[in-house]
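Undergrad: Here's a structure for you.
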Amino acid sequence: MSIYYIPKDKTNSKTQIMIAGYEIANPTFSENLEPVGESQLTLHLNFISNDYSPNKFTKFLDAFNNFLQEYNKL
């Protein structure tokens, strides 16, 4: 029987996030002559941390979502 390890929450966790790469899918014209088109940016992120729990991803995604909400208010 295998044992599942549940990481403990670190109170002094430190996380660095770096862009490892990205991909852009941007159409240069619209076949339907629509004025608005959809583009995609795919980010490849590296998380370097002393926290082995998934909390670092939750914190990052919450902050990134807040950034996007503020950016979209413009």
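Only the coordinates and a few stated rules stand behind these numbers; no lab work does. Fair warning: this is a prediction, and the values are worked out from it, not measured in the lab.
Undergrad: Which value at 222 nm does the chain reach when only helices count, each DSSP H run of 4 or more adding -39,500 (n - 2.57), with the total divided by all residues and rounded to the nearest 500 deg cm²/dmol? Spell out each step's value before the answer.
TA: On the way: 1 runs with 17 residues, N = 74.
After summing the helix terms and dividing by residue count, I get -7500 deg cm²/dmol.
Undergrad: If you look for lysine pairs in the chain that are eight or more places apart or on different chains, how many of them have Cα atoms under 23 Å apart?
TA: Values: Lys8/Lys56; Lys8/Lys59; Lys10/Lys56; Lys10/Lys59; Lys14/Lys56; Lys14/Lys59; Lys59/Lys73.
Summing the qualifying lysine pairs gives 7.
Undergrad: So what does log10 I(q)/I(0) come out to for the chain at q = 0.19, 0.28 Å⁻¹, using the Debye formula with one equal point on every Cα and no solvent?
TA: Computed log10 I(q)/I(0) values: -0.98, -1.25.
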